[in-house]
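Worksheet: one structure, shown below.
The values are calculated or read from the model by the stated rules, or taken from the named source; none is laboratory data. The structure displayed is predicted, hence computed values, not measured ones. Cβ: placed from backbone, ideal geometry, glycine included. Neighbour counts: every protein chain shown.
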Amino acid sequence: MVKKETRSNRLFVLDTNVLMHDPTALFRFHEHDIFLPMVVLEELDRSKKGVSEVARNVRQASRFVDELTHDKTHAQIAQGLPLHPPSMSESTLKPGGRLFFQTRAMAAHLPDTLPGSTPDNTILATALALQGENPDANITLVSKDINLRIKAAVLGLRAEDYYNDQVLDDVSLLYSGMTELPEDFWESHGKEMESWQESGRTYYRVTGPLVMEWHPNQFLSRGGDNPLQAIVLEIDQNAQTAVIELVDDYTLPRHTVWGINARNQEQNFALNLLMDPEVDFVSLVGPAGTGKTLLTLAAGLAQTLEDNLYKEIIMTRVTIPVGEDIGFLPGTEEEKMTPWMGALMDNLEVLTKTEGAGEWGRAATNDVVQSRIKIRSLNFMRGRTFLNRYIILDEAQNLTSKQMKTLITRAGPGSKVIALGNIAQIDTPYLTETTSGLTFVVDRFRNWTHSGHVTLTRGERSRLADYASRNL
């Protein structure tokens, strides 16, 4: 058992779910020390089997611990092992404090207020024992389990969530992809403005202080007497200038995408990103009924069947429970994914509604459309490369940042990836609005010139759905 007498570093007691969530958590505590109760190693051993993301993380965490303990004597382990990131870990990891293990039984320290001997209670008992033996030490229990943190607080233990994967302090700070220009924008930024037209497009070069706050492919809007809807193409930080382009207006009846028109400004901005072949990654965030899936599928069908820009549309989403094997369902991979693809089928019904074509015409259109849409399981994405594909990641708010990285890196030359989700509806355990993989990619991609993001807020499903979302 570690003795914290003169060391000023903090000692973090890790819960099993922290390593299940992020196997590199061992190296994320900077100069501070880490303590692993024996029950954590037992729980890792029980969770190592399977093909789920949790099982992979557990195996990786076990490999890290194995590398740290390799060729070490019992005396060295008892003194604490230096936390030097293994060569196989990511380059962002830095050397930390020391890793300590539980070396003797702690059951005698289990308080009467904790019934039974569950793994959570055993971890609490171990942390309490550490605190009792080291009253001057700064000991903190780290867990993704809210109830465990509550029990720790009741028992007088300091407990924290694992924050290293938190992208933002507050979800309200999430990049929206749009900005409303002030009323005096033209007066303050139009003195040295240049404008020109090229291939039927209108461009402006503007100068001013607001330019420094913009991001590539961010949308600018302004109402009033001189309305403006534009997108940022280039930013010159040194000269404080930016080139902006007027966006296409997909709200006009003559300007449809697979028979679909934008119903509001946000949908119009989304279609501009979805229909731009120079934008390789698009993220759309918004509540149910804002049109995320419908707009994405319409743009995908138009560019796949009409423009032949992509070979096919690939759609995938997390199956809940996350990462569980879908093999219990009969049929092929696509048939097994069908229960989770209700949103796809609902939107295809709208998009394949051919007016005046009759039943045979609708059936033919539906067959052609479905032949170019492939449904793929998240479980079998590793190692694949998709060339010239239009890839839709539905319900992306339920993905971790690591899963999101795995999926996006599957895109080969000529492919486009669209991530859709509602960060207010996260079903995955241990993920929050600020740690979701969707939040992660929105924040990390906002400065890349080949990506774009739009936050949709206005529901367009029906007046009933819109009223319910606002009042229920």
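The figures follow:
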| quantity | calculated |
| --- | --- |
| Output for segment 194-206, where each listed residue is buried (at least 16 other Cβ atoms within 10 Å of the Cβ) and either in contact (Cβ under 8 Å) with a residue 60 or more places away in the chain or within 20 Å of ASP249 (Cβ to Cβ) (or both) | TYR203, TYR204 |
| Close pairs (7 angstrom Cβ cut-off, 6 or more residues apart or separate chains): among the hydroxyl-bearing types (Ser, Thr, Tyr) in segment 218-240, part of a loop (DSSP other than H, G, I, E, B) and surrounded by 12 or more Cβ atoms within 10 Å (Cβ to Cβ) anywhere | SER221/LEU181 |
| Matching residues, segment 292-343, being at pLDDT 90 or above and small (Gly, Ala, Ser) | ALA298, ALA299, GLY300, ALA302 |
| Strands (runs of 3 or more DSSP E) within segment 207-278 that include 3 or more residues not aliphatic (A, V, I, L, M) | 219-222, 228-236 |
| Residues that are in contact with a strand residue (DSSP E or B) (Cβ under 6 Å, 6 or more places away or on another chain) and either aliphatic (A, V, I, L, M) or without any contact (Cβ under 8 Å) to a residue 40 or more places away in the chain (or both), drawn from segment 207-217 | THR207, VAL211, TRP214 |
| Filter pass, ASN308 being without any contact (Cβ under 8 Å) to a residue 60 or more places away in the chain and at positive phi | yes |
| Cross-chain or 6+ apart pairs with Cβ under 6 Å, segment 440-463 first and not assigned by TED's automatic domain parsing to the domain that holds LEU399, then crowded, with 19+ Cβ neighbours inside 10 Å and of a type in the set (Val, Ile, Thr) | none |
| Enumeration of residues in segment 396-426 that are β-branched (Val, Ile, Thr) and closer than 18 Å to ILE314 by Cα | THR406, ILE408, THR409, VAL417, ILE418 |
| Qualifying residue in segment 427-437 (condition: in the same structural domain as LEU294 (by TED's automatic domain parsing), under 17 Å from VAL279 (Cβ atoms) and touching a strand residue (DSSP E or B) at 6+ places or on another chain (Cβ under 9 Å)) | no |
| Boolean, GLY421 is of a type in the set (Gly, Ala, Ser) and buried (at least 21 other Cβ atoms within 10 Å of the Cβ) | yes |
| Close pairs (7 angstrom Cβ cut-off, 6 or more residues apart or separate chains): more than 16 Å from GLU460 (Cα to Cα) in segment 255-274, among the aromatic types (Phe, Trp, Tyr) anywhere | VAL257/TYR250 |
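A quick yes/no check of all residues on (1) of a type outside the set (D, E, K, R); (2) at pLDDT below 95; (3) buried (at least 20 other Cβ atoms within 10 Å of the Cβ); (4) not assigned by TED's automatic domain parsing to the domain that holds PRO182:
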| site | (1), (2), (3), (4) |
| --- | --- |
| GLN218 | yes, no, yes, no |
| ARG222 | no, yes, no, no |
| PRO227 | yes, yes, no, no |
| VAL232 | yes, no, yes, no |
| ASP236 | no, yes, no, no |
| ALA239 | yes, yes, no, no |
| ALA242 | yes, yes, yes, no |
| THR251 | yes, yes, no, yes |
| THR256 | yes, yes, no, yes |
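Let's see how each residue does on (1) more than 22 Å from LEU130 (Cα to Cα); (2) in contact (Cβ under 8 Å) with a residue 40 or more places away in the chain:
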{"residue": "LEU36", "(1), (2)": "no, yes"}
{"residue": "VAL39", "(1), (2)": "no, yes"}
{"residue": "LEU44", "(1), (2)": "no, no"}
{"residue": "LYS49", "(1), (2)": "yes, no"}
{"residue": "GLU53", "(1), (2)": "yes, yes"}
{"residue": "SER62", "(1), (2)": "yes, no"}
{"residue": "ASP66", "(1), (2)": "yes, no"}
